[in-house]
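K.L.:
First, the structure itself, so that you have it in front of you.
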Amino acid sequence: MNKNEKTALQVRNREIMDRLAGIEDAANREKRSFTEDEQREYDALVREHVRNRETLADNATAEQLAKMREEDNKSVKLREYFKAVKSSRAADTVILLSKAGDNVTNTIENSGAINLKIEDLIDTQVDGLDLPQSLNMLTGVIGDDLWPYSIDDAEITEAGEIAPLSEQSLNFDNVKAVSRRVGVQIGISNNAIDNAAFDIYAFVVYKIRKALAIYLAKKVYSHAAFTGNKGPFAEVTAGTLYPTFENILEAVAALPVSQGTPVITVDKTTEAILKATPKVAGSGSAGFIIENGLLAGYPYTVSEYIDYKLNSDSQFVKDGTDHFIGIGCWDYFALQQHGEVRLTTDSVSAAVAARNKTVVTLNTNISMTELSKLVNGGDNNNPHKPQAFALYKIVGAQSSSDF
C-alpha cells in the first residue's frame, strides 16, 4: 500500500467518525433511538471503519502499530468501564480525569477505565475549527487566579563599561479570570460499545474534541456579546475595510500594540476571493493577497464564526450577509481551563435506556480573559477597548473581479 492509499483510508475513517457523530447527535437532539435506516447505516459505517483500520494495521510501521495497539488497549478499558456502568445499573456515575485531593478515589485512573488527560480532550487545532497557533489553553488552573500582566516593558539602555544601570520597575495589574461552567453531553450507541473491534476510545475523544472546538470557535471568533465567556471581537467596535493588500497592511499596522505576531481571521468566502485578488490591481504577476499560506504576509485562520453575533432575542446568528475580517495578537488573550474535569456516565435512566445509548456528560470550567485593554495606560479602573484586536466589515468589493 502506498502513502496516498494510506492517507485516503485515514481520511475516510475521519469522515466515518464525523458521520457516526452526526447520526448520534441527531438522535440525541430529538431524544429518540435510531431509525431503521440510521441503524443500518451506523452498523455499516462501523464495519467499514473496522476493516479500514485492520488494513492500516497490516501496512503500518512498527511505531505506527505500537500507537494503534496503545489505542486498542484504551478502547478495551473504556469499553469495559461502559459495560460495568450498565451492569451495575447505577445512573450518573461520576469520575474525575485526575485526583482532586488525597482522599479522592473516584478517578478515571482508579476506576480501572482509562487514564485520560485534559489535553487529550481539549484541542485547539481541530480540522475546520482551528484557533490561532499562538492561542494556547492553560489547563488545570486552580480557582479564578489573578493574571499578572506587565504594563510597562523594560528598555535596553547604553552605558559605559563600569557605569551603573538605572533600575527599571515593571508594574503589574492583577486581572481576575472569571471561570464559567462548561458542559458537553454526548451519546454513544450501545451497539458501538458492544462491538469489540470498534475504536470506541477514538470515537469518544473525537466527539468531545469536536464539541469543545465548536464551543471555543464560537466564543473566540464571533463578535457576539455573550453574557458569559466571550471573545475579544465582541469588545471592539467594527470598522469598515475595502480589502486591498495595502489597506489590510495598514489595518494590521494600526494595532496599538507591538508584542506578538498578528493573526488574521476570515470566512471561507473571503479566503477564496483574496486568493484570487492581486496585490497590485490588474497585475497578477505581483502575487495575490493570499499566497503561500499567508494573508498579506501574515498567518491566518478561517472561521465562519467571524461573521456571527447575537440578535435582539439573544440568538446566535450570522450578521446579515456581511463578511468580516478580524485581526488579533492572541498573546493578549488568556484561555484557561480551571480545576477538575468530571465525566458523568449514564446508561440506565429512562430517557437514556429507551434510546439504547450510554450518555457521557463532561463538565469543567473555562475562562476567557482579554488582557490588552490594560496596556498603553489602561487599568482595572479605566480599561481601554482591546488594543490587540480589531474587527472590520468588508465593504466595496464582493469578488476579485471588482479590483
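K.L.:
Could you work out how far apart the two model spin labels at K3 and A197 are, taking each label as a point 7 Å from the Cα in the direction of the beta carbon, and quote it in nm?
P.N.:
3.0
K.L.:
Fewest to most neighbouring Cβ within 10 Å: what's the order for R209, R12, R181?
P.N.:
On the way: R209 19, R12 13, R181 10.
Ranking R209, R12, R181 by Cβ neighbours within 10 Å, fewest first, gives R181, R12, R209.
K.L.:
For region 289-359, state the semi-axes of the equivalent ellipsoid (square roots of 5 times the eigenvalues of the alpha-carbon gyration tensor), sorted largest first and rounded to whole angstrom.
P.N.:
On the way: eigenvalues 297, 83, 46 Å².
Sorted largest first and rounded, they come to 39, 20, 15 Å.
K.L.:
I need the calculated FRET efficiency for the pair T321 and A225, taking r as the beta carbon distance and R₀ as 25 Å, to the nearest 0.05.
P.N.:
Numbers: r = 20 Å, r/R0 = 0.82.
Here the calculated transfer efficiency is 0.75.
K.L.:
Give a residue-ordered list of calculated ³J(HN,Hα) values for region 323-330 (Karplus: 6.51 cos²θ - 1.76 cosθ + 1.60, θ = phi - 60°; whole Hz; x for Gly, Pro).
P.N.:
Computed from phi, the couplings for region 323-330 are 10, 10, 10, x, 10, x, 9, 6 Hz.
K.L.:
Here's something else I'd like to know. When ranked by the protection proxy of mean other Cβ atoms within 10 Å per residue, highest first, what sequence do the peptides 246-253, 220-227 form? Show your work: numbers first, answer last.
P.N.:
Details: 246-253: 15.1, 220-227: 20.8.
Output ranking for 246-253, 220-227: 220-227, 246-253.
K.L.:
Taking H as built 1.01 Å from N, whose amide H comes closer than 5 Å to the amide H of I290, not counting residues under 5 places away?
P.N.:
K275, T277, A296
K.L.:
Name the long-range amide H neighbours of T301: under 5 Å, sequence gap of 5 or more, or other chain; modelled H, no Pro or chain starts.
P.N.:
For T301, the qualifying residues are I264, T265, V266.
K.L.:
Using the Karplus equation 6.51 cos²θ - 1.76 cosθ + 1.60 (θ = phi - 60°), what ³J(HN,Hα) coupling, rounded to whole Hz, does each residue of region 42-58 give in order, writing x for Gly and Pro?
P.N.:
Karplus values, whole Hz, x for Gly and Pro: 4, 4, 5, 5, 4, 4, 5, 4, 4, 4, 4, 5, 5, 5, 5, 5, 5.
K.L.:
Amide H neighbours of V341 under 5 Å, counting only residues 5+ apart in sequence or on other chains, H built in-plane at 1.01 Å?
P.N.:
The list, which skips near neighbours in sequence, is L97, S98.
K.L.:
Please give the contour-minus-distance gain from D18 to I214: 0.36 nm per residue of separation, less the Cα-Cα distance, rounded to one decimal in nm.
P.N.:
Gain on stretching D18 to I214: 69.2 nm.
Every read-out reported here was derived from the displayed coordinates using simple, explicitly stated rules and does not represent laboratory data. No experiment lies behind these values; they were computed from the predicted model shown. A quick note on method: Cβ atoms are made from the backbone with ideal geometry, for glycine too, and the neighbour counts reach across all protein chains shown.
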